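The values are calculated or read from the model by the stated rules, or taken from the named source; none is laboratory data. Small disclaimer: the values here were computed from a predicted structure and weren't measured. All Cβ positions, glycine included, derive from the backbone under ideal geometry; neighbour counts span all protein chains shown. Note: accessible area is taken over every heavy atom of the protein model, side chains too, but ligands, DNA and RNA are not part of it. Shrake-Rupley method; radii C 1.70, N 1.55, O 1.52, S 1.80 Å.
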Amino acid sequence: MPDQRYGGAMRLCGQRDTGGGTALRHELSLLQRFADTFLKDVNLGVLLINPSFEIMDISDMACRVLGVMRDSVVGQPMDRIFTDLPAEHQLVDRRILDGIVVRNHAMSWTNNRERYELLVDSNVLRDDMDRVVGAYIIFKDVTNLRSLEEQVQRSDRLAMIGQIAAGTAHEIRNPLTSIKGFLQVLRRTFQDQGMNRESGYTDVMLKEIDRINQLVNEFLLLSKPKNVTFEEVEVPKVLREILPIINNEAILHRVVVQYEAMYGLPKVVADRELLKQVFLNICKNGIEAMGEGGYLTITEKVDREERKVLIEIHDTGPGIPSFVIDRIFDPFFTTKSEGTGLGLSVCQRIIHDIGGHIRVSSKGFGTTFTVSIPFP
Ligand SMILES: Nc1ncnc2c1ncn2[C@@H]1O[C@H](COP(=O)(O)OP(=O)(O)OP(=O)(O)O)[C@@H](O)[C@H]1O
Ligand SMILES: [Mg+2]
């Protein structure tokens, strides 16, 4: 009984089956078995394509990364499966069948759940007469390597900014404190003397000073948080404490906040105040992205295998374009006229320092930030 699974691979190597002796058949069945196990186990994306650009076989890992079911794609033309993707985002071009060899082509792929960084190779397969009988596509998932590389670059940049910040922040804060103090005295004097316009000016000045102070505080956090207190923290408690603040901000933008709590979420070890800052920053970004109206959903999850608590913050905003998404964690990267671009880099630092990470996924509509924090 021919193995259904190997319809494709068989047809490709079937060219050599001259219907000869048992030895050949035995060899073939061994090859089939190898191919079967190979495509199941191999930690590579493998696709076999016939000359009509139809998928003849696909490895399990390729199905997982591409977000497809094996049974629904085998026998289908490549370009019909990923119809909604523009040509430049297709895994490979039909022209690979003309003999165009692809080696280490770096590309990003986003399936319904995750974004992957892939290195793609492809080449044609020829028979003994040098006729093209198909092609193969092999890809490696290098997401972890890429993110490691990015992390190293990012921490280099953070370290540099940290040094500058640590050097200057205190120097800025000290004079600011005295300016603020004297301004408060002035405001009182103006108020006592009924000089309303002047006291209004001092109000504006005091507000601006608060803004500078806030910026400097963020700078200091980037350098090295000084008095961090690690303790066992119940994330849901932290979230409940900041929900009123998030709600206030949301009401201003006619956004509805939904909180999906999970019973029995394990405790994590973190600094409670810094955690609040992380969730506030991400929620604020979501609300700001939505503009007027929308839903902000905060969901608690747990990954017991990886021993991580996951907090997902989803908004129904416009999403993050792919040319922006790689830069959002960079210090000072902002698309807002009033933004400092420090929000997410501070969040990233805080979560990294407790062994967690922040992932983002955005597919044109809506954005989800997932904060994962290890639990002991
Ligand atoms: N939920 C989101 N939807 C769309 N874009 C987002 C979202 N979150 C972040 N961004 C993008 O990432 C950029 C960087 O965010 P970050 O929080 O670091 O800085 P900011 O919000 O611009 O400034 P700040 O946080 O200092 O006010 C934003 O300017 C925005 O372009
Ligand atoms: Mg922000």
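Within the range 281-318, being of a type in the set (Gly, Ala, Ser), within 16 Å of ligand 2 (Cβ to nearest atom) and open to solvent by less than 40 Å² (accessible area, probe 1.4 Å) holds for Gly286, Gly291, Gly317. Of everything listed in (1) modelled with pLDDT under 90; (2) basic (Lys, Arg); (3) on the phi > 0 side of the Ramachandran plot, the single unmet condition for Lys224 is (3).
Among residues of the range 345-364 being polar (S, T, N, Q) and more than 14 Å from ligand 2 (Cβ to nearest atom), the one that is surrounded by the fewest Cβ atoms within 10 Å (Cβ to Cβ) is Ser361. Taken over the range 344-361, the residue count meeting the criterion of being farther than 14 Å from Ile373 by Cβ, modelled with pLDDT of 90 or more and not hydrophobic (A, V, I, L, M, F, W, C) is 1. Taking the criterion of being more than 6 Å from ligand 1 (Cβ to nearest atom), surrounded by 14 or more Cβ atoms within 10 Å (Cβ to Cβ) and part of a helix (DSSP H, G or I), the residues of the range 321-344 that qualify are Ser322, Ile325.
Mind checking whether some residue in the range 42-64 is at pLDDT below 85, over 30 Å from Val324 (Cβ atoms), open to solvent by 50 Å² or more (accessible area, probe 1.4 Å) and within 25 Å of the chain's Cα centre (by Cα)? Yes, the range 42-64 contains a residue that is at pLDDT below 85, over 30 Å from Val324 (Cβ atoms), open to solvent by 50 Å² or more (accessible area, probe 1.4 Å) and within 25 Å of the chain's Cα centre (by Cα).
Among the residues of the range 88-118, the ones that are surrounded by fewer than 13 Cβ atoms within 10 Å (Cβ to Cβ) and not in a strand (DSSP E or B) come to 7 in all.
Considered as a group, the residues in the range 235-294 that are at pLDDT 90 or above and at positive phi include one that is nearest to ligand 1 (Cβ to nearest atom), and that residue is Gly294. Screening Ile164 on (1) closer than 22 Å to Lys284 by Cα; (2) assigned to a helix (DSSP H, G or I); (3) modelled with pLDDT under 90 shows it passes everything except condition (1).
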